[in-house]
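*Asks:* Dumping the structure here so I can ask a few things about it.
The values are calculated or read from the model by the stated rules, or taken from the named source; none is laboratory data. Computed from a predicted structure; not experimentally measured. Using ideal geometry, Cβ is built from the backbone for each residue, glycine included, and neighbour counts are taken over all protein chains shown. Side chains included, ligands, DNA and RNA excluded: accessible areas come from the protein's heavy atoms. Shrake-Rupley method; radii C 1.70, N 1.55, O 1.52, S 1.80 Å.
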Amino acid sequence: QDAVRKAWDGSPEYRALCGSFSFTPQALCTMEDLEKIPVIPTLFFKRNDFSLEHPAGIEVTSSGTSGQFSRVSYTAGELFLLARMAVRLGRFHGLFSAKPVHYVILGYQPSRHNSTVISKTAYLSTWYAPGLDRTYALRRREGEYRLEADALLEKLLRCGEGGWPVRVIGFPSYASFLLKRMKEEGKSCRLPAGSCALLGGGWKQFAGLEISKEELKSLFWEVLGIPAGSVHEFFGAAEHPVLYC
């Protein structure tokens, strides 16, 4: 009830939405009452400024693949809760390691010009283990992002000859495209033990090209030598910042 009341008191837009469903925070008395909370579609965030009326610790946007962005702010206290969740998740999946790793990130290089939540979470995922380096698929050059797939491919092949583990981070769609290209070109390697993949963000605009999780995991093993048990996929959203596995 306290969490719902916080949104109710801080956002006139949400209060109006609740009113259209004749809902008030006082209606929450038992666990069964939770289903009464009005569901907020992501389109509501895209069409309204849903920043609560308090100082924001950070403001982020959704990826905007549909052409519209959601803009959401989080306080320092909320960021602490998100960090605690990420730590628990990392412990459960054995992601924490003191051994340095190479990071290959199938996403955007961080920039002050990029406020998308996916670019921030991809970078934060590199905090689970010390990073020897971070190689990005999309690097900012002369004011715009450019895909550097060739450099990414060469990096993976070099890492296969080294002794340090590699962590591949990013969209499953990008991972699929890269692995299929390597397979078609007859390029593969066996990354060192301890290497893994941390995928997230779904397929979005590439939904028509989606492959099954089993096929994707098979590609990771066939092309990079990463076993299926070391391929982790998480789901979340700027509008609903909970990491689902």
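*Asks:* Can you tell me how many residues in the stretch 200-231 are closer than 26 Å to residue 87 by Cβ, modelled with pLDDT of 95 or more and surrounded by 17 or more Cβ atoms within 10 Å (Cβ to Cβ)?
*Replies:* 5
*Asks:* Residue 187 - would you say it is touching a residue at least 40 places away in the same chain (Cβ under 8 Å), open to solvent by 20 Å² or more (accessible area, probe 1.4 Å) and charged (D, E, K, R)?
*Replies:* Spelling it out, it is not the case that residue 187 is touching a residue at least 40 places away in the same chain (Cβ under 8 Å), open to solvent by 20 Å² or more (accessible area, probe 1.4 Å) and charged (D, E, K, R).
*Asks:* Another question, if that's okay. Of all residues in the stretch 217-233, which are assigned to a helix (DSSP H, G or I), closer than 28 Å to residue 63 by Cβ and either small (Gly, Ala, Ser) or out of contact with any helix residue (DSSP H, G or I) (no Cβ under 6 Å at 6 or more places or on another chain) (or both)?
*Replies:* 218, 220, 224, 228, 230 - these are the residues of the stretch 217-233 that are assigned to a helix (DSSP H, G or I), closer than 28 Å to residue 63 by Cβ and either small (Gly, Ala, Ser) or out of contact with any helix residue (DSSP H, G or I) (no Cβ under 6 Å at 6 or more places or on another chain) (or both).
*Asks:* Go through the residues of the stretch 131-148 one by one and say whether even a single one is part of a helix (DSSP H, G or I) and surrounded by 12 or more Cβ atoms within 10 Å (Cβ to Cβ).
*Replies:* no
*Asks:* From the list 154, 161, which one is outside any helix (DSSP H, G or I), of a type outside the set (A, V, I, L, M, F, W, C) and open to solvent by 30 Å² or more (accessible area, probe 1.4 Å)?
*Replies:* From the options 154, 161, the qualifying one is 161.
*Asks:* Working carefully through the options 97, 115, 176, find the one that is modelled with pLDDT of 95 or more, out of contact with any Phe, Trp or Tyr (no Cβ under 6 Å at 6 or more places or on another chain) and open to solvent by 30 Å² or more (accessible area, probe 1.4 Å).
*Replies:* Being modelled with pLDDT of 95 or more, out of contact with any Phe, Trp or Tyr (no Cβ under 6 Å at 6 or more places or on another chain) and open to solvent by 30 Å² or more (accessible area, probe 1.4 Å) holds for just one of 97, 115, 176, which is 97.
*Asks:* Please indicate, with yes or no, whether at least one residue in the stretch 193-211 is in contact (Cβ under 8 Å) with a residue 40 or more places away in the chain, within 30 Å of residue 43 (Cα to Cα) and part of a helix (DSSP H, G or I).
*Replies:* yes
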